[in-house]
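To start, the structure itself, in structure tokens.
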Amino acid sequence: MKTGKTRLSVTCLCLVISGALAVAVGDMEGPTDASQKLVRESHCLCAGEQNYVNQRKQIVMQSLNKLEIMCDEDSVPHIALLASGGGQRAAVGLVGALHQMKTEGLLDPLMYLGGVSGSTWSMATLYSDPDWSNNMDKAVSRLLLPGVQLEEALGWLGERAKEEHFSLTDVWGVLTSAALMKQLDLRRLSDEAPRNATNPYPIYCAIEKQCFNEGPTVGKWFEVTPHEAGFTELGLFIDTPLLGSKFQNGVLLEKKPEMDMVKLQGVLGCALAHGEVVFNILPEWLNVPGHVDAAAKEYLLAFTTLDELISLMAANVKDPTALAHLDGLKKSLQDKVNRDQATWKASQTTEQKDIVFQTWIQELVMLVDSWCDTLEEGQFKTHATIFNKQVIPLILRWEWGTTYNFLYQHQNPTIPPSIRAKERFHLIDAGLLINVAYPSFMGDKRDIDLMIVPEFSAGILFETLTITRDYAASLGKPFPAIDDKILEDKDWPKSCYVFEGKDKEPTVIYMPTFNRDNCRDAAEVIAKAEEFSTFQRPFSLEKSVAIVELAKANIKNNRATLLREYYKASLRRKSKRMAAMHQPAGPCAVI
């Protein structure tokens, strides 16, 4: 036993030294030597995260002991709450779930909090408070405040417009932050790195667009933490402040400023960046197989993005006259799309359709131009003109977040050629691949015993589970068995399911938002899903409160199940430790 502890201590010391060197190098400006290895190649935790986990264990242990789940430092279970995507429904619902978990004594036992898409918006807001897990009343009340004023959001946008990679990601980030999360958070994620372990360790997830479209799987999933950012399955990372800096063959050529949390929220929650999402919200007359070709898609992307952004702008405007103007613009755009149906049906050849759609796109632009011209001189017209001049060109070029690629020409044969060959890559909404952050928490790296999943996704229920099952199988990673028979419950699910893991498989607690506890039947589930749909005007106060209360009730109703699984996770961790005593230490033995 003594020898084993010495070996672990040496491993910890090596990790801390290497992490300190990486931070020192990351703070340097200008070109650096390749021998300094700014790109970390490992499937183990970095020193910063490992140190945080070690501190967090004390809080987890004490909180479990209060729940009469007795464990010592060596048997503290690794419990992660993985919040799904789902737009504002997910952002608001996650805060409600965490609030009730705090009330029930179930929040402090969490080691990690992972998110994708909409849930990352509320995570970013939560972690702006270094002590958020002890201030959940404040976190809920913030969601119910008025949005940020439009001039403040446009001021941020004006500064970003001066940058090299200004895109629709910036527009989406600032409008969702202002309208949905009610703040503009200008801090950087790496600002959290020196914090103590008061809160669960946060992991934000994205995907790389080209690998998502073309493969391979190992290049798709991307994670960002306060300490580092990189490709989960490739095991290639850089310090978080260097994400967006210019690299070649592992050498830092030019250090760029780290993106703030507003822009990061745009990157993590920009489902529209992958144009296929538009097909989920097509006008009925175009939602016919075979009717949407490349020209139609371009037109629909322009219309849909305009419609969504105008709704977000409206959420940041308080003046009734200005709101009426925005509502009028939305109606004019929608009326135009409906009128275009007749012209569409009269078009015969592909060439005719291409001409028609290109004409319609220009008409959309002219409609917004004319609308701006008709506004009375004043502050609102100034804001509308800024939007028209800065945002409309981005929509026409369909420019979303582009980031310098830290793996550009990096000499590592595991890197997919599609990534290694590009000076820039594109990080987009991870929910397009898997709408829960499972990939970052599978396998030995974080060695998770229990995953708690409040499910706020739209679409087919349980789909995130079956997709993850297949994803894990393709990579040879452990995940509990998910029988397709579970899909029989998809229309009217129970409020809680437990998929028990064996050996290295984590146990998954899966908790659908709309379920048999709060819906009378399948018809009401469908109605609730439509009422709180992802693509709609920002929620009213009443809708936000309703989602918060639903999420709270789901936790409260299933407290006994959660407590039971916390206890079983503790037993699992003890068994792992006992087994490890009789085996050689692995590369990540410090965990």
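Looking at segment 192-221, which of the residues that are hydroxyl-bearing (Ser, Thr, Tyr) and open to solvent by 20 Å² or more (accessible area, probe 1.4 Å) is nearest to Leu475 (Cα to Cα)? Only one residue tops the list, namely Thr217. Taken as a whole, the condition of being of a type outside the set (A, V, I, L, M, F, W, C) and within 30 Å of Lys485 (Cβ to Cβ) applies to Glu455. Check whether at least one residue in segment 496-504 is open to solvent by 60 Å² or more (accessible area, probe 1.4 Å), acidic (Asp, Glu) and under 24 Å from the mean Cα position of the chain (by Cα), and report yes or no. No: segment 496-504 contains no residue that is open to solvent by 60 Å² or more (accessible area, probe 1.4 Å), acidic (Asp, Glu) and under 24 Å from the mean Cα position of the chain (by Cα).
If the condition is being in contact with a Ser or Thr (Cβ under 9 Å, 6 or more places away or on another chain), at pLDDT 95 or above and open to solvent by 10 Å² or more (accessible area, probe 1.4 Å), then segment 97-129 contributes Lys102, Gly105, Asp108. The strands (runs of 3 or more DSSP E) falling completely within segment 196-247 that include 2 or more residues that are closer than 28 Å to Val60 by Cα, within 15 Å of the chain's Cα centre (by Cα) and touching a residue at least 12 places away in the same chain (Cβ under 8 Å) map to 201-208, 221-224, 228-231. Summed over segment 162-191, residues that are closer than 19 Å to Val140 by Cβ, part of a loop (DSSP other than H, G, I, E, B) and either open to solvent by 20 Å² or more (accessible area, probe 1.4 Å) or out of contact with any Ser or Thr (no Cβ under 7 Å at 6 or more places or on another chain) (or both) total 3. Any residue in segment 35-50 that is at pLDDT below 95 and assigned to a helix (DSSP H, G or I)? Looking for residues that are at pLDDT below 95 and assigned to a helix (DSSP H, G or I), one finds at least one in segment 35-50, hence yes. Restricting attention to segment 440-463, the residues that are part of a helix (DSSP H, G or I) and modelled with pLDDT of 95 or more total 2. Pairing residues of segment 60-73 that are part of a helix (DSSP H, G or I) with residues that are surrounded by fewer than 17 Cβ atoms within 10 Å (Cβ to Cβ) and among the polar types (S, T, N, Q), at Cβ distances under 8 Å and at least 6 apart in sequence or on separate chains, gives Glu73/Gln58.
The values are calculated or read from the model by the stated rules, or taken from the named source; none is laboratory data. These figures come from a predicted structure and were not determined experimentally. All Cβ positions, glycine included, derive from the backbone under ideal geometry; neighbour counts span all protein chains shown. In case anyone asks, the SASA skips ligands and DNA or RNA and just uses the protein heavy atoms, side chains included. Shrake-Rupley method; radii C 1.70, N 1.55, O 1.52, S 1.80 Å.
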